[in-house]
Each structure stands twice: as structure tokens, then as C-alpha cells.
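One structure is given here, and the rest of the page talks about it.
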Amino acid sequence: MESSSEFTLPPFYCPLPAACSPLTEAAGAHALEWMASYGFCDVPATRDRIHDAQVHRLLGLMVPQVENEEVFLTLTCFANLVLLAEDLLFDASPPTGGLSGIIEQAGRVMRVLESPGYRVSAADDPYTLALVDVMSRMRAESSPARVGRLVHEMRRCFAGAIRGINAVQQLGRLTEDQYLSIRLDDVAGHLTVAIIEMCGAEPLADDAWQSPAVLACLESAGMVGALDNDLFSYRKESVHDLNLINVLQETRGLSLQRAVDETMVVRDRVMQLFLRLRDELLVSAPRPLRYLLVQLSQALRGHVEWGLTAPRHTGARAVAASAGEAIAPATCWADSPSSTDASAPHYPSISWWWDLIGRSHGASAPSTRE
């Protein structure tokens, strides 16, 4: 394969509003002080990871209209821990024991997450102590159902990441559909949706979560975010990393630039589907669903803004700046999609989303059950 730096990144089609929560800087300062209290900032490499990730800015861009400030502050701390776990467990050098070691560590993290009364001991490391603290705060500030969904989506993330590590070993045999099914989980799209929903004043009804039309809309947004990540993070990745660009080079024999362009085509087709499903759902959406869909729309734009400017992805050390100052230049945005093909792609894992067009009536009705 060609060097991962030898390509031109196409502009992103994202006809969605850009905004940032006024709580962003306060949340960032709170999270940094909290992380430092557990010693994470004592190690220069870890401190740099936290600084370069700019997690508070990502959350501020994804949830501009926060309705529950305490939950937002706690989620900013939680998101910092999640990204740190991703870096240390899945993106850094494999721990002792290889894949089995990763599975064991991920399992231990999950047990802490799902245990309301987890008892810490002198043997627990700072990460475990911080995780117990942030989950205790979360349970005090949010409902059991919302916390349970957050834990469930973390489990999905870990499962997807482990599938991804295994898939890297068979990159030459991986189909495009297999890749997309893995990426939908390991990129934390479902987790992001849960985080956004928790910032709203009213919980989304169970029937709405289970609605096929709502699920298709939410998952399509997650896929857009996943492919955006594939595109804006590619320069810092290895040609052997799991990424749709690399998969397309293997499956279709494309050049690097052609694979980048085709990834954007797939992404734009899914983006147009999301916009269509979202607009249909908004017609009769109750307030909790409307809040989620509006914030999710802004999250897609904010995610790209963050990805194009955060040192985590650009590789450049950040200069101290407020959240609103680091904005992607206008040349990064496209006025029209790279493809106007409205048909479903030949990927069984996601093609069913297109079947839900025009079938969202009643999907957003609140449940009448006790």
C-alpha cells in the first residue's frame, strides 16, 4: 500500500449547524482537575494524551444545548476516561498476554462500570478508582435506565474494538460489509448517542429506542461519524490499520486516492440517508426524541470540526485556545455531496436502513404502557 500521507482529503458535506456549548471550558477545567486528582497528569505522556484529545471540546461541539449541567460535567470526566482506555488498551503497544490480555483488562473495566457498589481496595489502580468515582456520580445524577444504557454501550464498544483487533490480522480477507459492521461498534457511535441523550432533561421512551426507524436514523449517524473518523485520522495511521480506506484498497485494488474518494462517497450516501430519516422523524417527534435528533445533527458537524483541528488527529501540539477558536477552514466543507445516489448500498449490515424511508410514522409516539 501507499504511504498514508500521499493523498488529498476531499471536503466534507455536512449541511448542519455548528455550535458549541457555553459550558465547554468550565467542563474542560473541571475534568482536567479531576483527572489530575487521580495522578493521570503526573506522567508526561498521559498528560499529553489528555491535552491533545481535547475531549471537553468534542463534547461541547456534540451537545451545544445542554439541559442537565451536572450530568454534562460528569460525562466530560467519563469521556476522558473512555478515550484514555481506548488509547492504552487498543491503540498503544499490546499489554502482556496480547489479545487475551486486552480481553481480560476490558472485562475488568466492564465489571467496575456495571457494579453500583464496587468496593475499591488498596490494590486498585488509579484508573479503577477514577472509574468508580465517575460512575458513582453518574448514578447519583441520572436515572438507572440511562446509566444502564451507557454501560451497555461501553460493552458494545469493547466488543467492537476486540473484533477490530482480530480483524487487523486478516485485513486481506475482510469484506467491506464485515468492516462496516465492526466499525459501527468500535467507533463508539452508539455510546455517543447515549451520552447525548443523557444531557437532555427528559429520557427517551423505551419504545422510541426500539423503533426500527429511530434505530436506523441513529445508526446511520454513527456510521457517518465512523467514516469521518476514518478520513480525518488517516494521515496519522498505519497502512496496516483497520480503516475503510485500507479495506477498499484490498478488496477493489484501488489506489490510495481512489480509496479515500470512495470512502467519502459511501460516507455521503449515508449522510443523505441520515438527513432524510431525521427530517421524517422530526415531523411527529416528542420532545426527548427531538432533542436527541437536533443535538445529534450538530454532533456530526462538531465531530468533524474536532477531528480536523484537535492535536490528537492533526499531530500538531495544541496552542492554548478557547473551544470556539479552533475552527476548521471553509475549504474543508463541501456545498454538495460527492454522490447523489439515493439507493441502498450492497452492504447487508446497513442496507436495511434505507428500507425505513417513509416508514417513520408513529415511530416516535410516546409509549402508553405503565
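From largest to smallest, what semi-axes in whole angstrom does region 163-202 give when each is the square root of 5 times an eigenvalue of its alpha carbon gyration tensor?
Working: eigenvalues 185, 15, 3 Å².
After scaling each eigenvalue by five and taking roots: 30, 9, 4 Å.
Roughly speaking, what is the stretch gain from Ala19 to Arg359, that is 0.36 nm per residue apart minus the C-alpha to C-alpha distance, in nm to one decimal? Don't skip to the end; give the middle numbers.
On the way: separation 340, 0.36 × 340 = 122.40 nm, distance 3.05 nm.
Net length gain for the segment: 119.4 nm.
For Asp206 and Thr331, what does the FRET efficiency come to when R0 = 35 Å and r is the distance between their Cβ atoms, rounded to the nearest 0.05? Provide the component values of the computation, followed by the final result.
Working: r = 44 Å, r/R0 = 1.25.
Approximately 0.20, to the nearest 0.05.
With runs of 4+ DSSP H residues as the only contributors, calculate the mean residue ellipticity of the chain at 222 nm using -39,500 (n - 2.57) per run, divided by the residue total and rounded to the nearest 500.
Rounded to the nearest 500, the figure is -19000 deg cm²/dmol.
Test of understanding: extend the Cα→C-beta vector of Cys41 to 7 Å, then name every residue of region 127-168 with backbone N under 11 Å from that spot.
Label zone hits: none.
Order by neighbour count: Trp209, Trp352, fewest other Cβ atoms within 10 Å first, most last.
Values: Trp209 18, Trp352 14.
Ascending Cβ contact count within 10 Å gives the list Trp352, Trp209.
Can you tell me the dipole magnitude for region 12-356 around its Cα centre, using point charges on the Cβ only (Lys, Arg +1; Asp, Glu -1), in Debye to the nearest 20? Each step should come with its number before you reach the end.
Working: 28 positive and 42 negative charges, 48 e Å.
Dipole magnitude for region 12-356 comes out near 240 debye.
Roughly how far apart, in whole Å, are the Cα centres of region 103-173 and region 254-275?
32
Dipole magnitude of region 112-219 about its Cα centre, charges +1 at Lys/Arg Cβ and -1 at Asp/Glu Cβ only, in debye to the nearest 20? Please report the intermediate quantities before stating the final value.
Numbers: 10 positive and 15 negative charges, 51 e Å.
Roughly 240 debye for region 112-219.
Distance in nm between label sites at Asp125 and Asp87, each 7 Å beyond Cα in the beta-carbon direction?
Reported label-point gap for Asp125 and Asp87 is 1.4 nm.
Can you tell me the order of 59-65, 7-13 when each peptide is scored by its average per-residue count of other Cβ atoms within 10 angstrom, highest first? Walk me through the numbers on the way to the answer.
Numbers: 59-65: 25.3, 7-13: 17.0.
The densest-packed peptide leads the list: 59-65, 7-13.
Starting with the fewest neighbours, write out Trp353, Trp333, Trp34 ranked by other beta-carbon atoms found within 10 Å of each beta-carbon.
Numbers: Trp353 23, Trp333 17, Trp34 20.
In order of increasing Cβ crowding within 10 Å: Trp333, Trp34, Trp353.
Extension gain Arg163-Tyr118, at 0.36 nm per residue separation less the Cα-Cα distance, in nm?
Length gained, Arg163 through Tyr118: 13.4 nm.
At q = 0.08 Å⁻¹, work out log10 I(q)/I(0) for region 12-356 with the Debye formula, treating every Cα as an identical point scatterer and leaving solvent out; two decimals please.
Scattering profile of region 12-356, log10 relative to I(0): -0.36.
Along the Cα-to-Cβ line of Thr175, 7 Å from the Cα, sits a label point; which residues in region 237-276 have backbone N less than 15 Å from it?
What the label zone holds, given the 15 Å backbone N cut-off, is 248, 251-252.
Show me the ranking of peptides 262-275, 121-134 by mean Cβ neighbours inside 10 Å, starting with the highest. Please list the in-between numbers first.
Details: 262-275: 22.6, 121-134: 15.4.
In descending order of packing, they fall as 262-275, 121-134.
Collect residues whose amide H, placed 1.01 Å from N in the peptide plane, falls under 5 Å from the amide H of Phe12; neighbours closer than 5 in sequence don't count.
Trp333, Ala334
Coordinate-derived values only; no laboratory data. Keep in mind that this is a model prediction, so the values were computed, not measured. Glycine also receives a Cβ, built like all others from the backbone with ideal geometry; neighbour counts cover every protein chain displayed.
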